[in-house]
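Worksheet: one structure, shown below.
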Amino acid sequence: MNSSITRAESQPKKSKIDSGEVEYEANSASKHNESPEATPVRMESQQVQEILRSEEIKEKEYNTEAEPSEMSSGKIESRRGSRRFSETVPTYSRRKTLAQSDLMAVFYMPNIMKQHTITEIPFESEMVDGVGVGSEMETPSWEPTLERAIKAIVSIKANCVRSFDTETSGNYTATGFVVDAKNGIILSNRHVVNPAPIVAQAFFTNYEEVELLPIYRDPVHDFGFFKFDPTKIKFMSLCEIKLAPNRAKVGMEIRVVGNDAGEKLSILSGTLARLDRNSPDYGVGEYNDFNTFYMQAASGTSGGSSGSPVLNIYGDAIALNAGGSNKASSSYYLPLNRVAKALKHIQAGEIVPRGTMQTEFEHLPYDDLRRLGLGHEIEKSMRERYPDETGMLSIKNVIPEGPAHNILHPGDILIAMNDHPLTSFIQVAEVLDDNVGNNVKLTVLRCRKAYNMYVKVGDLHLISPSKFIEIGGGVVNELSYQVARGYGLPVRGVYVASSGHMLGSANVWRGSVVLSINHKKTQNLEEFAEAVKDLTSGTRVPIRFFAIDQQHKEKVMIMNVACDWHPFRMAKLSHSTGLWEYKDLVKPKKSFDFIPQTVRYPKLGDNLKPAGELWSSIVSIDFHIPYLVDGMITTQFYGPGYIIDKENGLIVCDRDTVPISTGDVFITFAQSLVITAKIILLHPIYNFTILKYDTRLIGDTEVKNLNFEESYFSGEKKLEQGDPVVLVAIGNDHNPIVRRTLVSSRTMLSTRECAPPRWRAANIEGVNLEDQPSCQGGLLTNEKGEVLSFWVNFSTQDGKGKEMSFMAGIDPSILRPVIESYKKNSCISIRSLDLELWTVRPAAARSLGLSSKRLHEMEIASKSYSKFYYILGLLNTQSPSYKLFKAGDILLELNGELVTSIDKIAVIYDQENVNITILRDGNEMELAVQTSKLSVLETKKVIGWAGAIIQEPYRAVQEQVKKLPSKVYVTCTLFGSPASGYGLKPGVWITEIEGFKINTMSDFINRIKSLVSKKGIETDFNHSNSSMGDAIESGYVRLNVVNKIGVSKVISIKLDEHYWPSMCLAVNENKPYEWDCNFEISKF
């Protein structure tokens, strides 16, 4: 087993979306203290003895078939999938992703040795405490037991579609088994059934598939139930496994049968060693069971076996596999006493009653209890009443503001409830579940003194979240009992299960509790929705919150109000269908009014010269991405920008600050005024972006255009090695940095292809400095403050795929054609040869066949050392250049002029055709080449389908493939989505859907529109008209996909328009710099 915790939600082998309304019953400490019933009453020792003597010893029957048995202890590990935790923490054994073809093995019908049929062994009439009483010749065998049991055991494949409460979105596999074949009820773990919204299927031993709907997940204990339609099983007779909670005995031989390690079926053996171990601890903030014993055996279960039945030799389930140790082979099983009772309520169509005092108990042995003040007489009486027990219950902790707050204290020893002496968790659960909404009388021992006190029992379901809000791509729910218990908090507040785009802009990450938005309190989801509704889209507002593991440190951050990129809606759990039903909420209003605001740039002292001449031309930029498109792997960017046209509101920055066209741009003037801006150009070759802001919004703020040194702006001069410069930059604290230094070198700048593919700078020269301070970026100037070069950041990856960046100075002359075009509001055509070039020394060029005459011409034309440019690679196999050029060609002339500078050949403006003279294989050739027109925004449409983000292949993708399989490229898949769960990976092209060829985005959109009627979930078992052949295939869509090396694959995806509706994000045709987001597929 891994040393890390395997959780129920599968994590993309990436990172990690719940809600519920919390209602309180008598949870205020002051209310309890005001009530006469809640006041502790001191009891004399004699009174305690009377309670113990007056109550007859009754072994309460928790199962209809057997007497209660002791519970035991062992180690913990939950059998889900793996996660990141320290190796000392137990692990879930449930979530290991596997192929559908691996789902289960075939078993045989049960039998008994020396007998003709299994019916000859009447288990019920001839068993006492789980031991057969037949003759020695009738010794039962495991083989027939397993043959019968295997037919009732299923492999479960599930997608947790949203992060919620303690869970994170993702796909996983686990195990379950049929406990009611007639009604189609399957038992599994709570962390498999999951408190979050899930979509799940069960696979029987003969590979028949049925849809599962979660009908019950216990708020505390690790069990839950699924429901399926029994009529959908056509090719086998359904079997069920009987629950026998009281037949577990120490030393009993067991078998754990299930989907261990994702193998569909594994049979693990063991011997019960303990019935009274503590419940597993999976880590703070994770789901944890408590107030129960667990059993333990060395069966070595691992991920995927969560929900497996623990069978005795007669085929009865005596426990439910839940977790195990990550350092040993110990496995831990949940006793079935409460499971059996819950099943009866469900079969009767009743709500399962679950009472709580929001108190955690612990079972302590008598020697520990004596140190807490347990007297000899009370211990003697309890031992006489319960001779098999070795301890009693003590209060471990009490939730603040809960029913027992300020009434029970940690260390109190529980003697009796409602005057009935007790020592076990089961007895406490019986009293609480039978008295929801009523007062219960507790007798406790505190500091060697006995007290009577009354506590009102709350409803555990009311403090378990059953609704959540989706906002800006994130999810919030009301703080659950599970999370509150882990951190000692009251059960109230709005908990961030997933931050998303909007909350993430304020660094309100998962595990935060939101206290207020724009100064309005958010104690529950209704208040949260109301506070968001009153905001204005595009503004920035304060949000107060705290990280749950640092609750004593409240934070106030500024949040961007950006609800237009995602739905804003509330989901509520429907207990009748198991689905979470959505309701749209009122989004923040859009304001078309503007209020000009004027701010003042500070005057900088003489010690910061020449920064004072430039400071009013510099702004700060924040950029936030709502979707990971164009190869992005992070969502937040920042850096400096420079005003180049204050009349038209034009700003230039590098493409490491604003790398793509999809997102929200915020411009800050004088570190005081923040306004939005639009992206109007992303240069496809050079490392710069042009933004446009509304000049009316800054009022009379005094800003200046950058003052370029004319000879450098025109390209007549360029910085060279040894030139003195002044670096005026913005520090990481947003204060000015002024550094006088020298240019250390001028060189070609190298970047690598990235994975996933993303834009990178190519064919550009830059300068390095002798002294390079840490900063966000800046300008290289002379002493007058005239700009000689931009000091910008370049992002790339190293040879091992690790992210890296470097800074360099780029010439302003390469920006001049674009800047002047946009200043004049004219349109410039950016064109390219789609070649990646690099320098070659004259000596190497001679070896390749360069003539002395040509070398002499270059030496005369060059201002410094002569150098030549050769083709390092071809960037686009679809471009006209691909058929004409070859790697290794040396470029000599462009339209009759010598290529003495990379600037002349890297970008070609407004020329559709050019003539190029090259040197190839020792011979000069002249080629007539058609240039490729490049988009200034590139991506203009994005489709969300089945949880996959799909777009046309952008330039960086085209660079990494020889041939485009289609123009439908999967750039990203979301955790918990059908795309992620069924194997649609990022970085592939969709070429067919249901046999229809897909070449363009239009083909794709038209095809998915025709598939909307197919449902990913069948929600009505009683009214399904599907034929036998449709039972499994309903909702599945077959895709052909091709990866970048041309290998094709067929996958089937089950559509889910309920949780994963299609989405279209496109540039507005009438407003070319604005995006529209549409969630109605019919309007795509």
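Laid out as a table, the results:
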item: Rounded to the nearest 20 debye, dipole of region 830-933 from Cβ charges on Lys, Arg, Asp, Glu; result: 260
item: Distant-in-sequence amide H partners of ASN439 (H built 1.01 Å from N, under 5 Å); result: VAL457
item: Label zone at GLN772, where the point sits 7 Å out along the Cα-to-Cβ direction: region 720-744 residues whose backbone N lies under 12 Å; result: 744
item: Region 870-880 - phi-based ³J(HN,Hα) in whole Hz, Karplus 6.51/-1.76/1.60, Gly and Pro as x; result: 10, 7, 7, x, 9, 8, 8, 5, 8, 7, x
item: Computed lengthening from ILE351 to LEU372, 0.36 nm per intervening residue step minus Cα-Cα distance; result: 3.7 nm
item: Per-pair calculated FRET efficiency, R0 = 60 Å: GLN930 and LYS242 via Cβ, rounded to 0.05; result: 0.20
item: Angstrom value of the Kirkwood radius, inverse mean 1/r, which spans all Cα pairs in region 269-332; result: 12.3
item: Computed FRET value (nearest 0.05) for SER745 with THR390, which takes r as the C-beta separation and R₀ as 56 Å; result: 0.10
item: Theoretical FRET efficiency, 1/(1+(r/R0)^6), r = Cβ-Cβ of ASN648 and ASN1078, R0 35 Å, to 0.05; result: 0.70
item: The chain: calculated mean residue ellipticity at 222 nm from DSSP helix runs of at least 4, using -39500 (n - 2.57); result: -3500 deg cm²/dmol
item: TRP1075 long-range amide H proximity, modeled H, under 5 Å; result: ASN1068
item: Base-10 log of normalised Debye intensity for region 776-900 (one unit scatterer per alpha-carbon) at q = 0.09, 0.17 Å⁻¹; result: -0.41, -1.25
item: Fewest-first ranking of TRP142, TRP945, using other Cβ atoms within 10 Å as the exposure measure; result: TRP142, TRP945
item: HN-Hα J in Hz across region 1068-1084 - Karplus 6.51, -1.76, 1.60, θ = phi - 60°, x for Gly and Pro; result: 5, 5, 8, 10, x, 10, 10, 10, 10, 10, 10, 10, 10, 4, 5, 9, 5
item: Potential lengthening between ARG569 and LYS717 on full extension [0.36 nm per residue; Cα-Cα distance subtracted]; result: 47.5 nm
item: Exposure proxy order (Cβ contacts within 10 Å, fewest to most) of THR301, THR939; result: THR939, THR301
item: Hydrodynamic radius by Kirkwood, which averages 1/r over all alpha carbon pairs of region 504-651, in angstrom; result: 19.0
item: Placed amide H near LEU779: partners under 5 Å, 5+ positions off or other chain; result: VAL728, ALA729, TRP791
item: Chain lengthening between ILE595 and LYS249 when straightened (0.36 nm per residue, less Cα-Cα); result: 116.9 nm
item: Debye equation applied to the C-alpha atoms of region 587-696, log10 I(q)/I(0) at 0.14 Å⁻¹; result: -0.62
item: Normalised contact order of region 617-748, rounded percent, pairs of Cα under 8 Å and 6 or more residues apart; result: 20
item: Where only alpha carbons of region 196-308 are counted, the Rg and the Dmax (Å); result: 16.0, 45
item: Charge dipole of the chain about the Cα centre (unit charges at C-beta), most positive-ward option of SER308, SER1052, ALA531; result: SER1052
item: Order of HIS734, HIS552 under a 10 Å beta carbon neighbour criterion, fewest first; result: HIS552, HIS734
item: Dipole magnitude (debye, nearest 20) for the chain, charges at Cβ of Lys, Arg, Asp, Glu; result: 2140
item: Mean projection area, nm², convex hull over Cα of the chain; result: 50.4
item: Extreme residue, positive dipole direction of region 433-589, given options GLY486, CYS447, ASN560 (C-beta unit charges); result: CYS447
item: Dipole magnitude of region 866-987 about its Cα centre (Cβ charges: Lys, Arg +1; Asp, Glu -1), debye to nearest 20; result: 680
item: Rg over Rh, two decimals, region 368-430 (C-alpha only, Kirkwood Rh); result: 0.98
item: Solvent-free Debye scattering, log10 I(q)/I(0), computed from the Cα coordinates of region 355-460 at q = 0.10, 0.11, 0.17, 0.24 Å⁻¹; result: -0.25, -0.30, -0.72, -1.42
item: Proportion of all alpha-carbon pairs of region 834-917 beyond 16 Å (%); result: 52
item: Cα centroid of region 316-394 to Cα centroid of region 528-557, whole Å; result: 41
item: Calculated on alpha-carbon atoms, Rg and Dmax of region 267-306 in Å; result: 11.7, 32
item: J(HN,Hα) series, region 1059-1067, from Karplus relation 6.51 cos²θ - 1.76 cosθ + 1.60, nearest Hz, glycine and proline x; result: 8, 10, x, 5, 9, 10, 10, 9, 5
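Throughout, read-outs are computed from the coordinates displayed, never taken from laboratory work. Values in this document were obtained by computation on a predicted structure and should not be read as measured data. When we count neighbours, we look across all protein chains shown, and the Cβ atoms used for this are built from the backbone with ideal geometry, even at glycine.
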